[in-house]
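The structure appears below as structure tokens.
The values are calculated or read from the model by the stated rules, or taken from the named source; none is laboratory data. Just so it is clear, the model here is predicted, and its values are computed rather than measured. So basically every Cβ, Gly included, is an ideal-geometry build from the backbone, and we count neighbours across all protein chains shown. Surface areas here come from the heavy atoms of the whole protein model, side chains and all, with no ligands, DNA or RNA. Shrake-Rupley method; radii C 1.70, N 1.55, O 1.52, S 1.80 Å.
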Amino acid sequence: MRRRLSIVTAVHGPSARFLPEAYTSLCAQELPAGWEWHWVVQEDGTGDAVAPYVPDDDRVTFRQGRPGGPGVARTIALAHADGPYVKVLDADDRLTPGALARDLAVLESGHGIGWTTSRALDLLPDGSTTGFPDPDEGPVERGAVLAFWRANDFRAQVHPATLCVRRDLLLALGGWMALPASEDTGLLLALNAVSRGWFSAEAGLLYRKWTGQATGQAAHVDPAERAARTAVAEARARMLAATDWTYAG
């Protein structure tokens, strides 16, 4: 029996044109023997702008829904994510060769790792890439993400857009946070509050920088909203840590 790795993508009209590149990077992945991938593409809305860009492939499930932001779209997509692991792939990003195999190797190792992340490279409009200082490859101990985030102006040392996570753990935490932005960072903080993670030093994602992306909009850096969402994300992580519940895997 083949095992499935579920890839979850939230998409809206402006980012739909990048879906073919995301799909090409997914098709180039080589999975371990006995594994297959299932791509769940969830539109954040119900218009006609996204469907023309969705590949005609039996391995792809496309759904639409009421708009609520990327966190809502990813969380509702979990209804169709039927594998033991869930990998995030934003519509405007691309996987690097071997990314999924590296994620699976860690999660299948039996070392009690609840989630993985990897190095991400910014993909600039001219096609060049740039990186930033990253931690060493290896386990990310419980609480390390929150500590670094607090000490570095609310910047996580591992990129939430590279996340691959155990589906049961993701569901136990309620999916992505109901925030207008940083919903993926909030989830990462929560995951690390209850479980050890892993960082792969080899680049696993090309993170596209473009004018239409949500993190490039003025609202994303509004001081009042930023303060509110970081306060909620931190409080959630601290309350989870205080329960002393540990995900055993």
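Scanning the range 74-97 for residues that are of a type in the set (Gly, Ala, Ser) and more than 19 Å from LEU19 (Cα to Cα) gives ALA79, GLY83. The selection criterion, being in a strand (DSSP E or B) and either surrounded by 17 or more Cβ atoms within 10 Å (Cβ to Cβ) or on the phi > 0 side of the Ramachandran plot (or both), does not hold for ILE76. May I ask you to verify whether THR61 is closer than 23 Å to CYS27 by Cβ, in contact with a strand residue (DSSP E or B) (Cβ under 8 Å, 6 or more places away or on another chain), without any contact (Cβ under 8 Å) to a residue 40 or more places away in the chain and not acidic (Asp, Glu)? Here the answer is yes, as THR61 does meet what is asked. Against the definition (in contact (Cβ under 8 Å) with a residue 60 or more places away in the chain, in a loop (DSSP other than H, G, I, E, B), surrounded by fewer than 20 Cβ atoms within 10 Å (Cβ to Cβ) and over 20 Å from the mean Cα position of the chain (by Cα)), how does PRO55 come out, yes or no? When the stated conditions are applied, PRO55 does not pass them.
Kindly indicate the residue of the range 105-135 that is modelled with pLDDT under 95 and among the acidic types (Asp, Glu) and also nearest to ARG4 (Cα to Cα) among those meeting that condition. So, considering only residues that are modelled with pLDDT under 95 and among the acidic types (Asp, Glu), the one nearest to ARG4 (Cα to Cα) is ASP134. Within the range 80-98, residues that are within 17 Å of VAL60 (Cα to Cα) sit with their Cβ atoms under 7 Å from residues that are aliphatic (A, V, I, L, M) and part of a loop (DSSP other than H, G, I, E, B), at 6+ positions apart or across chains, in these pairs: VAL88/LEU163; LEU95/LEU89. Only one of the numbered conditions (1) of a type in the set (D, E, K, R); (2) open to solvent by less than 50 Å² (accessible area, probe 1.4 Å); (3) more than 18 Å from the chain's Cα centre (by Cα) is not met by ARG66, and that is (2). Residues in the range 79-107 that are in contact with a Pro (Cβ under 7 Å, 6 or more places away or on another chain) and open to solvent by 20 Å² or more (accessible area, probe 1.4 Å): how many? Adding up the residues that qualify gives 1.
Summed over the range 79-104, residues that are of a type outside the set (A, V, I, L, M), more than 13 Å from the chain's Cα centre (by Cα), modelled with pLDDT of 95 or more and part of a loop (DSSP other than H, G, I, E, B) total 4. Counted as qualifying within the range 110-200 are the strands (runs of 3 or more DSSP E) with 2 or more residues that are surrounded by fewer than 23 Cβ atoms within 10 Å (Cβ to Cβ), namely 113-123, 138-140.
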